[in-house]
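Report on one structure; see the data block that follows.
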Amino acid sequence: MAMENPLEALRKALDEGDLAAARAAMESLRRATHQANQLAAEVLHELRQPLLGIKAYSQMMDENAAPGTPVSLLLAQVERMEQIIADFTRIAADKPAPKERLSLGAAAQNAVRHFGLNPESLRISLEVEAAPDVEVLGNARLLEQLALNLLNNARDALNGRGRIKLVVSREDGAPTLMVADWGPGIPPDLRDRIFEPYVTGKARGSGLGLSVCKRIAQEHGAQIGLASPMALKDAPPPATVFRVTFATAADAVSRKRLLVVDDEAIIRMVFKDLMGKECDVIEAQTAEEAIELLRAGPYDLIITDKNLPGLSGLDLAQEARKADPNSRVIIMTGYPSLVTAQQALELGVIDYLLKPFDEIREVREKIRNALAAAPPARAPRPHSLRVDVYEDNPASARQITDALKMLGMEPTVLSEPTPAVGDPPAGVVVSWDFSPAHGKRAVELGRQRCRGAPFVVLAEHLTMDAALESLRGGAAACLPKLLSDVRALSRELSRALKLSSPID
């Protein structure tokens, strides 16, 4: 009896709402992905050994050979094989490719030269229109491979004889690569699946060339697909046109960078598919790997699992804030607790997502909002010693004022949500149980009245709901009122409001 595909098992479990089966399927899929990556890495490693011998003897033969001889061509192809192995080793290790500003036309011309070396290309009539001034942010070798695969695909469709045209230009300002052929065309039943692995309409085809093209395009934030035959002004029009559209220079600058950190490959894949069209999604399996990526440059948003091998997601959030105080981090966990929610809140984490996600569209909306939000303004430290306290319970108000006075502060108790007037306060304390603005409305009140200063939410009965709403509302902390211990409350307020030194 054939074993059930892990991905199909996951889909089935999700459809049936079977959480235990879904987790088991995710673990099976993770192991299968790890095993596939490990096997690929081992095969690539073993290929290096015979390639080393071929390269060594080719170099020795090339020492006395004239330029342009077959030995020189052989050595160039061996070095190209080394580059391909290095690229797929990088993919197996889940590492991003290095990119730089380069000419798309130059990469296409290199692909044309390699295309011409294949004896099967001799009977092809190849036309090239490659504007040299069309630049993209990319990896030269990968873009060359993308163009070469499209050329090879067109040649195979023509069975070795016919006309191919390669065009590099701009369409509405966007860098564009098109490869057209005047062959039999793609069968209608394959057009929607042509970029899937092992899908081919050719007897000799492996069905992998176009899937590699799609992977390279995605890695460059580009869109690849079939274009209308009328996209080119040739007569008669071609049968098939593949078009790759890259982001414009302005789009590339404005494109946000999202770092996803999770040791589960399936989770990283979900976020890549969820947000890959809207921003650059960079993946890391561990907090240590993520910290190395952060040292190379900032990210607009970090989404990290709380429980990671080695350093935790909370450790990563702390390191990210050390590197950049404006770092924005979302923590996700399948094992929520009030303690870790409070730790996340005090680290400045902007959200705390619970696994499994109830609604993936809501997760996407949270990510979009976080990416669109402007960096928080760093308010100057106010000279005022005033701390506004929104509390309508007299006993609680007295305990809070006593705790703040122990810090040398001047608390002002407000039993109504009065409008903000005068200079900004040094901080705000708002009760979750404040009758005129209870719960979530109390958090919103604190956010509005603090005017850039830190604000703290105090709750009579601290719950996960109160902690998460405070976190998402931007509070510095959500604390129990600790009515029986004023000194403990004073210490917590000092830490949360950064009032240990009342005057700078």
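The figures follow:
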{"quantity": "Too-long pairs where the Cα-Cα distance tops 27 Å, listed order kept, from 366/498; 256/498; 272/440; 99/277", "calculated": "366/498; 256/498; 272/440"}
{"quantity": "For residue 167, net neighbour charge (Lys/Arg +1, Asp/Glu -1) across residues whose Cβ lies under 12 Å away", "calculated": "0"}
{"quantity": "For residue 431, residues with placed amide H under 5 Å, excluding near neighbours", "calculated": "390, 458"}
{"quantity": "Normalised contact order of the stretch 100-250, rounded percent, pairs of Cα under 8 Å and 6 or more residues apart", "calculated": "23 percent"}
{"quantity": "Within straight-line cross-link reach of residue 233, lysines at Cα separation under 22 Å, skipping those fewer than 8 residues along the same chain", "calculated": "165"}
{"quantity": "Calculated on alpha-carbon atoms, Rg and Dmax of the stretch 260-364 in Å", "calculated": "12.7, 36"}
{"quantity": "Calculated from backbone phi, Karplus (6.51, -1.76, 1.60) coupling profile of the stretch 454-459 in Hz, x at Gly/Pro", "calculated": "x, 10, 10, 9, 10, 10"}
{"quantity": "Cα convex hull of the stretch 100-250 - mean projected area over all directions, nm²", "calculated": "8.4 nm²"}
{"quantity": "Whole-angstrom gap from the stretch 259-282 to the stretch 383-413, using each part's C-alpha centre", "calculated": "45 Å"}
{"quantity": "The stretch 386-497: equivalent-ellipsoid semi-axes (sqrt of 5 x gyration tensor eigenvalues, Cα, Å)", "calculated": "17, 17, 13"}
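Readers should treat all values here as calculations from the given coordinates under stated rules, not as data from a laboratory. Small disclaimer: the values here were computed from a predicted structure and weren't measured. Here Cβ is always computed from backbone atoms with ideal geometry, including for glycine, and neighbour counts include all displayed protein chains.
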